[in-house]
Amino acid sequence: MSDGKVKSMLETAVVVKVTEGLHARPATQFAKLAKEFSCSLLVLHGSTSADAKSAVKLMLLGIREHDQIVLRADGADESDAVARMAQFLSSPQAGVQPARAAQAADAAACAGETDAPIAQSRSGDGNGADAGGRSVAPADETPPLIGIPASEGVAFGDAYVYLPEPLRAARQFIAPHETATEAMRFERALDDALAALDSQFDRIGDHDGIAEALVSVARSDEFAGEIRTRIAAGRDATAATLEVGATLAASFESIDDEYLRSRADDIHGITRQVALRLNGQPDVSLAGIAKPCVVLASDLTAPDLARANVANIAALVCTRGSATSHLAIIARSHGIPAVFGLAVPDSDLRGVAQVAVDGTLGHVWFEPTRALQEQFAARIDEARAHRAALDVYRDVGPVTRAGRPVRIAANLGSPDEIDAAKAVGAMGVGLFRTELLFMNRRSLPGEHEQYSVYRRVAEAFAPHPVVIRTLDIGGDKPVPGIAFAREDNPFLGWRGVRMCLDRPDVFKPQLRALLRAASAGNVQAMLPMIADVDEVRRVKALMAECARELAGEGIAFGAPKLGIMIETPAAALTADMLAPEVDFFSIGTNDLTQYVMAADRANPKLAPLYRCDHPAVLRAIAMVCDAARQAGIEVAVCGEAAAQPPMIPLLVGLGVDELSMSPACVLRAKKIVSEL
Ligand code: PEP
Ligand code: MG
């Protein structure tokens, strides 16, 4: 040293006692505490180290409970600093207060959970949501049932138990003199079931000819004809219906085409409707919910939910399901609190009259006590006030205190969600999932139909960008006209851009529709599941071909920006090679987490491992942000992590320019960013 003095420095080894280590919340608190001191503070962990004043860097160290670390301080207040920081690290509950709430919250960090839940009190009585600012588990003594927090908010109200009874025939055979009446009973049941189907589709419209197809299956020789033959031969009508339905469904299930395979569900549905009528049993369906209720079910499909009036669903509780299932995404986009994977047998759901649900923590109480009901009522009131307070952010384009603007955009799955996103001031669409356009129909959507949809969305949000993701579908979801072979690992299989590149007949109409819509608004194209630079180059060549064709045909088109989703480890690790090829990155944390952690996003048993705040995932995100910065392109996050309050400061800190999420979370994200 030039002045010849030995520079002072203080080092202390500490064993970390903080429960679960320095994950998102404690790291943030730790960094906040460190900033109270003027000295420099370094945390050394094995061969790595990080500035204690940076929560992001701390999290990237991946410090666990029981790990030994070294605190190194240098400066005037170094002794105080080291003492306070060491004290923090020795306390199991440090940074995780209030304890119960935070523990559950961290177990659910990728489940849309938050310590500042958005107001979600929903219209009607007996339901509502958590208030802002905290996620406090009620002080009621009754222990909750624990599940996966799938959509935040609280609710309580009457239960609507949705557990369709298995159907059985009371007898197998009939006497010869009964065959005529039995045949008549069957015809009446069939007519009734089909009339009910007709009126259901009259209400919702049969744009894709689904009702028509179902009627033709039901009246076919293979179904109705075969049942008639069996009744004539002395079989009970219910027994014959169930048998024929099961055999026909099984033959659909064995077809090597996912779309056709899933038609087995239609056969099961018709069979059920006819058999219910033969048995005189009432049907349970979510369409029957007439007032706000908490739905209790084993499992639900997105179409089940589509049949219900969502205003009457106060909350969803399922014994199966996961936080990143499509049902969970739909629940979040409607602001319906939900707990999935509840650890009780289905039989326990029967007979439940009232339910209290905390979707933020994944807690459920059957028959809540009066005290608990009162607490929930108070939280609902607070939530209303909190929601009203968030409204001021509607027209705010959030900027951090350091002056960095961050765009808060919406994730949409259909144009029906445009109004909800605009109502909260979404600054464009960061992810338009096009899969819904292709699903639940009998034929592929044509170029013109797609163009109209993309254009409608683009016009609604102009001049903000609207990012249309090209078809991201695989063998786990059926699409008419694409034969997906059965695969052992459909999530590692022929899906997304891989399938599209092999099927230009499917892909080119979408690319042409996108190019055309780009002449009407700020449309951008985004490719899912990219794993290799060559895939991007091949898509670009195909887009150029489409553009040449459109020009030759004299059809107007634009030049959409092209981005890719970073959701495979390969894309994250080669982000620097991909960046020069594209205009932007969008990190799909739902898949990136599942692939980095090798933990199926739909498996409730793996929920503790499936964490987007795991150091491995954060390091991948950091790499992607660095590569984007180097190449001078924007980076967005459109997975569920973008909406999670503990993740937002980290993502912004890492350099993310846009966060895209369910419309229900937009206002809160604007507030969080504005206060950073
Ligand atoms: C993602 O993987 O993070 C994502 C946004 O895409 P999806 O949830 O549709 O797979
Ligand atoms: Mg994905």
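The values are calculated or read from the model by the stated rules, or taken from the named source; none is laboratory data. Quick caveat: nothing in here was measured; it's all calculated off a predicted structure. Neighbour counts run over all protein chains shown; Cβ positions are idealised from the backbone, glycine included. Accessible surface areas use protein heavy atoms only, side chains included; no ligands, DNA or RNA. Shrake-Rupley method; radii C 1.70, N 1.55, O 1.52, S 1.80 Å.
Does ARG168 satisfy the criteria of being modelled with pLDDT of 85 or more, more than 30 Å from LEU606 (Cβ to Cβ) and in a loop (DSSP other than H, G, I, E, B)?
In short, yes.
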* **Selection within segment 526-546 - away from ligand 2 (no atom under 16 Å from the Cβ) and either outside the structural domain of PHE432 (by TED's automatic domain parsing) or among the aliphatic types (A, V, I, L, M) (or both)** => VAL533, VAL536, VAL539, ALA541, LEU542, MET543, ALA544
* **Sole residue being aromatic (Phe, Trp, Tyr) and either farther than 27 Å from THR301 by Cα or buried (at least 19 other Cβ atoms within 10 Å of the Cβ) (or both), chosen from PHE491, PHE461** => PHE461
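Of the residues ALA421, ALA426, which single one is in a helix (DSSP H, G or I) and open to solvent by less than 30 Å² (accessible area, probe 1.4 Å)?
That would be ALA421, the only listed residue that is in a helix (DSSP H, G or I) and open to solvent by less than 30 Å² (accessible area, probe 1.4 Å).
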* Asked: Among the residues of segment 646-657, which ones are open to solvent by 10 Å² or more (accessible area, probe 1.4 Å) and not in a helix (DSSP H, G or I)?
  -> PRO646, GLY655, ASP657
* To do: Could you tell me which residue of segment 519-537 is farthest from VAL624 (Cα to Cα), considering only residues that are open to solvent by less than 20 Å² (accessible area, probe 1.4 Å) and aliphatic (A, V, I, L, M)?
  => VAL523
* Of everything in segment 574-594 that's more than 16 Å from ligand 1 (Cβ to nearest atom) and among the β-branched types (Val, Ile, Thr), which residue is nearest to MET647 (Cα to Cα)? -> THR574
* Are any of the residues in segment 599-620 within 13 Å of ligand 1 (Cβ to nearest atom) and in contact with a Pro (Cβ under 6 Å, 6 or more places away or on another chain)? -> no
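Okay, residues lined up against (1) out of contact with any strand residue (DSSP E or B) (no Cβ under 9 Å at 6 or more places or on another chain); (2) within 16 Å of ligand 2 (Cβ to nearest atom); (3) hydrophobic (A, V, I, L, M, F, W, C):
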| site | (1), (2), (3) |
| --- | --- |
| ALA602 | yes, yes, yes |
| TYR610 | yes, yes, no |
| ASP613 | yes, no, no |
| SER662 | no, yes, no |
* To do: Go through ALA559, ALA598 for me and flag whichever is away from ligand 2 (no atom under 16 Å from the Cβ) and either over 26 Å from THR301 (Cβ atoms) or not assigned by TED's automatic domain parsing to the domain that holds VAL466 (or both).
  => ALA559
* Does ARG456 satisfy the criteria of being open to solvent by 60 Å² or more (accessible area, probe 1.4 Å) and touching a residue at least 12 places away in the same chain (Cβ under 8 Å)? -> yes
* Structure fact -> Within segment 465-476, residues crowded, with 18+ Cβ neighbours inside 10 Å and either part of a loop (DSSP other than H, G, I, E, B) or of a type in the set (Gly, Ala, Ser) (or both) come out as PRO465, THR470, LEU471, ASP472, ILE473, GLY474, GLY475
* **Total residues in segment 615-630, condition crowded, with 19+ Cβ neighbours inside 10 Å, over 21 Å from the mean Cα position of the chain (by Cα) and more than 16 Å from ligand 2 (Cβ to nearest atom)** => 5
* Count of residues meeting criterion [surrounded by 22 or more Cβ atoms within 10 Å (Cβ to Cβ) and either within 16 Å of ligand 1 (Cβ to nearest atom) or on the phi > 0 side of the Ramachandran plot (or both)] in segment 376-414 -> 5
* Asked: Out of curiosity, is ALA290 more than 16 Å from ligand 1 (Cβ to nearest atom), free of Cβ contacts under 8 Å to residues at least 40 places away in the same chain and in contact with a Leu (Cβ under 7 Å, 6 or more places away or on another chain)?
  -> no
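Which of the residues spanning segment 422-437 are of a type in the set (Gly, Ala, Ser), within 16 Å of ligand 1 (Cβ to nearest atom) and in contact with a Phe, Trp or Tyr (Cβ under 8 Å, 6 or more places away or on another chain)?
Looking only at segment 422-437, we keep the residues that are of a type in the set (Gly, Ala, Ser), and these are 423, 425-426, 428, 430.
Next cut, within 16 Å of ligand 1 (Cβ to nearest atom) only: 426, 428, 430.
Scanning segment 422-437 gives ALA426, GLY428.
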* Taking interchain pairs and intrachain pairs at least six residues apart, which have beta carbon atoms under 6 angstrom, with the first residue in segment 598-626 and closer than 18 Å to SER54 by Cα and the second open to solvent by less than 60 Å² (accessible area, probe 1.4 Å) and of a type in the set (S, T, N, Q)? -> VAL617/THR593
* What about MET529, is it in contact with a strand residue (DSSP E or B) (Cβ under 6 Å, 6 or more places away or on another chain) and either assigned to a helix (DSSP H, G or I) or within 16 Å of ligand 1 (Cβ to nearest atom) (or both)? -> no
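Would you confirm, using the coordinates I've provided, whether VAL467 is within 16 Å of ligand 2 (Cβ to nearest atom), closer than 30 Å to VAL406 by Cβ and out of contact with any Gly (no Cβ under 8 Å at 6 or more places or on another chain)?
Against the criterion (within 16 Å of ligand 2 (Cβ to nearest atom), closer than 30 Å to VAL406 by Cβ and out of contact with any Gly (no Cβ under 8 Å at 6 or more places or on another chain)), VAL467 does not qualify.
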